[in-house]
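Report on the following structure.
The values are calculated or read from the model by the stated rules, or taken from the named source; none is laboratory data. These numbers were taken from a predicted model, which means no experiment stands behind them. Here the Cβ is made from the backbone with ideal geometry for all residues, glycine too, and neighbour counts use every protein chain on show.
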Amino acid sequence: MLNGFKVYDADAHALMTPGMWADLPSQFKLRRPRPLQVADSADMGRWNTGWLIEGGMHPHPFGPGAEAANTPAMVLPEFGASPQERAAVVGFPVPVGSSDFSDPQARLLDLEKMGIDIQVLFPTTLYARMTQEPEFEAALYRSYNRYMARQCKVNPKRLKWAGLLPLRDPVQALEALDEMQSLGATAAVIFGTVGHRLLSDATFTTVWDEFARRKLPLCVHMGMSFPPFEQICQSFQDANLIGKVIPAQLAFVALVGHGMLDRYPELKVGFLEFGAEWIFYMFGKMDHYVKVNKQRMPLGASLPQRDIEDYLKSGRIFVAAEADDRMLCHEIALLGENQILCSSDFPHGEGRQSSIAQILARADITSDIKKKIVFDNSVGLFGQP
């Protein structure tokens, strides 16, 4: 509890660590991500370590595909990981076991320090671009899911996790869906695209049909999932403004513009770590062009069945806003006061660690709305803890 408010953190993380691929099938063990350290690294700053994934080092600080993400130095003592390294980011020392969830009790102690009652755990954004090979991706995703299920058993009321859904392989996706539900996943997590394909691609229909029957919430998380963006993102700044965030708009086109919310009327979707301002642009453009294209597209073309504002007001689209978002009141007016989420992004170093306190300190929203943002709306998406 923080300042008298119960807190349901909608988006935090478990940093990538070797324990997450302990369950890889034998045929993939040699291809597991491996920690690397660069020898010639005087000009790389703190980004001189990374993971060897499919022949490349990720993350890396410059050149095509550059992005900031979790490195071996954040989780492996032999690569320099220490509580002090995290202290400068979140304001207090964070043990490695809390960062990578190898010690769930350490994370619970950190939740107490931050006043967080319940937290939903998501994977590092590197999972958005681990591999384009369907079977290997499914193996990595399912191994991650098992790791998180084991670790969250310590306190499943407070520690929730979203399971990765490997859509590239529909058969594995259905098996992973069965498994994650049996292991206690609170939601399923995907990224804005499946490689070059939109989420609405016909090859995923059998998966979405079954997913909708399960009534799990679907979370679209930030990540560089669209391969062409890797070529134009040459820096962290490019990744943060293009490669990792524009996929939110691609997912919105698939879910709303291509009729997925029409086909699955009970589907709830959360957009996490993209901010919320993008929703204005997509609403305005889609609303305009749906009306125009109804007059000029061929009969039978896929278009939303309702006005775009109806989908936004349906109570099925949730968006995690930034705590210092100047447009927050307008976002509440557009989506409704029950649809805005708040997240700490802990233990990532992107300046959100005090987001909940910032929301509670805002003078432009009422106490009732604050309560909804920091707790009730997460219940609306994820269900009762």
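Structural remarks
- Failed criterion for Leu216 (all others in (1) modelled with pLDDT of 95 or more; (2) surrounded by fewer than 22 Cβ atoms within 10 Å (Cβ to Cβ) hold): (2)
- Within the option set Phe122, Phe204, Phe191, being touching a residue at least 40 places away in the same chain (Cβ under 8 Å), aromatic (Phe, Trp, Tyr) and farther than 15 Å from Ser225 by Cα holds for one residue only, Phe122.
- Of the listed requirements (1) in contact (Cβ under 8 Å) with a residue 40 or more places away in the chain; (2) not in a helix (DSSP H, G or I), Phe226 misses just one: (1).
- When the residues of segment 5-51 are filtered to those that are assigned to a loop (DSSP other than H, G, I, E, B) and of a type in the set (Gly, Ala, Ser), the one that is surrounded by the most Cβ atoms within 10 Å (Cβ to Cβ) is Ala14.
- For segment 335-385, the set of residues classified as among the hydroxyl-bearing types (Ser, Thr, Tyr) and crowded, with 22+ Cβ neighbours inside 10 Å consists of Ser343, Ser344, Ser355, Ser378, listed by residue number.
- For segment 165-222, the set of residues classified as aromatic (Phe, Trp, Tyr) and either in a loop (DSSP other than H, G, I, E, B) or within 23 Å of Ala276 (Cα to Cα) (or both) consists of Phe191 only.
- Subset of segment 42-51 (residues that are over 15 Å from Thr124 (Cα atoms) and touching a strand residue (DSSP E or B) at 6+ places or on another chain (Cβ under 8 Å)): Asn48, Thr49
- Long-range neighbours under 6 Å by Cβ, at least six apart or interchain, first residue of a type outside the set (A, V, I, L, M, F, W, C) and loosely packed, with under 13 Cβ neighbours inside 10 Å within segment 281-305, second part of a loop (DSSP other than H, G, I, E, B) and at pLDDT 80 or above: Ser302/His258; Ser302/Gly259
- Within segment 69-81, the set of residues being assigned to a loop (DSSP other than H, G, I, E, B) and either of a type in the set (Phe, Trp, Tyr) or surrounded by fewer than 19 Cβ atoms within 10 Å (Cβ to Cβ) (or both) comprises Leu76, Gly80.
- Residues of segment 17-48 satisfying the condition of being aliphatic (A, V, I, L, M), modelled with pLDDT of 95 or more and closer than 22 Å to Ala188 by Cβ: Met20, Leu24
- Some residue of segment 349-357 being among the small types (Gly, Ala, Ser), within 23 Å of Gln119 (Cα to Cα), in a helix (DSSP H, G or I) and at pLDDT below 95: yes
- When the test is whether a residue is within 20 Å of Thr125 (Cβ to Cβ) and either at pLDDT below 95 or not polar (S, T, N, Q) (or both), Leu198 passes it.
- Taking the criterion of being of a type outside the set (Ser, Thr, Tyr) and out of contact with any helix residue (DSSP H, G or I) (no Cβ under 9 Å at 6 or more places or on another chain), the residues of segment 35-61 that qualify are Val38, Ala39, Asp40, Ala42, Asp43, Met44, Gly45, Leu52, Gly55, Gly56, Met57, His60.
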